[in-house]
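*Asks:* Got a structure here, written out as structure tokens. Questions coming.
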Amino acid sequence: MALSKKQLKTLETLEHRVELCREFMNDWLLFNQILTTYPNPGVNKAQLENQFLKIKSKLARQHRVLQQTLLDDYGLDGNTMNIVSGATSLEATYSQSEVALKKLQTEWHRAFISINETLGILEDKKLRAEKGDKVFVASGDLAGGGAAVGGGMDPATLKTLLIIGAVIAVLAVVFILDIGGLGSMYKGMLGMQ
């Protein structure tokens with residue numbers, strides 16, 4: 001089955017998002033690897049500190065891009081960046097109590113799970129889009145709105161349009177039926193009488 005241009009664009013967008021999420025996942029794993037390697041005897045601590053600062057900076061940049069790119073699909077744990085910013089250096093991290101280190105590892109693992117969940121959602125959408133199924137992909141482009149494989153409208157936009165339509169319908173009924181004199185009052189305020 002050949003995909004339409006719109007479907008191909010959506011698939012391309014999903015592939016890009018999966019790639020970004022995988023890169024973040026790999027760097028998240030590297031962050032932990034550097035963190036857990038530091039206390040081992042015989043390691044070059046200065047080199048690890050340098051790598052640690054670099055991976056922290058990269059994670060911070062990637063996190064912001066992920067947040068802005070994934071939009072509705074963004075499901076990372078809220079503490080993800082607190083973990084990165086809280087670990088100022090490897091030396092400072094390992095000067096904390098054993099309880100604080102265990103807490104850091106637990107928080108890292110919770111974030112790891114949420115990154116995997118987000119990646120799983122994106123990969124599922126990509127697989128469905130490859131089959132030609134209808135898949136909503138939120139877009140940061142206000143002019144373009146969201147894209148849905150096979151057409152359609154995203155739920156948030158549809159809900160907004162339905163609310164606006166309901167308000168217009170109520171106002172029309174008030175004007176036409178002049179319920180409780182409100183129609184006359186509004187007409188007078190608008191200079192329509």
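*Asks:* About the Cα centre of the range 5-137, how large is the charge dipole given +1 on each Lys and Arg Cβ and -1 on each Asp and Glu Cβ? Please answer in debye to the nearest 20.
*Replies:* On the way: 19 positive and 17 negative charges, 68 e Å.
Roughly 320 debye, rounded to the nearest 20.
*Asks:* Right, here's the next one. Skipping prolines and chain starts, which residues have an amide H placed within reach, meaning under 5 Å, of the one on Asp77, given they are 5 or more residues away or on another chain?
*Replies:* Residues meeting the amide H criterion: Ser114, Ile115.
*Asks:* Okay, moving on. If the cut-off is 17 Å between C-alpha atoms, which aspartates and glutamates fall inside it for Lys56, apart from same-chain ones fewer than 8 positions away?
*Replies:* Glu23, Asp27, Asp77, Glu91, Glu107
*Asks:* Quickly work out the Leu127-to-Gln105 label distance, labels modelled 7 Å from Cα along the C-beta direction, and quote it in nm with one decimal.
*Replies:* 3.2 nm
*Asks:* Further, regarding this structure: Compute the distance in nm between two label points, each set 7 Å from the Cα along the Cα-to-Cβ direction, one at Glu49 and one at Val167.
*Replies:* Taking the two extended label points, one gets 5.8 nm.
*Asks:* Each residue of the range 91-98 in turn: what ³J(HN,Hα) in whole Hz from Karplus with 6.51, -1.76, 1.60 and θ = phi - 60°, glycine and Pro shown as x?
*Replies:* Values per residue, Gly and Pro as x: 4, 5, 5, 7, 8, 7, 5, 4 Hz.
*Asks:* Return the subset of Lys58/Lys134; Lys103/Lys126; Lys5/Lys125 for which the Cα-Cα distance in this structure is over 24 Å, preserving the input order.
*Replies:* On the way: Lys58/Lys134 34 Å; Lys103/Lys126 35 Å; Lys5/Lys125 17 Å.
The answer is Lys58/Lys134; Lys103/Lys126.
Any read-out appearing in this document is the output of simple, stated calculations on the displayed coordinates, not a laboratory observation. Keep in mind it's a predicted model, so treat the numbers as computed, not measured. Note that we place each Cβ from the backbone using ideal geometry, even for glycine, and neighbour counts take in every protein chain shown.
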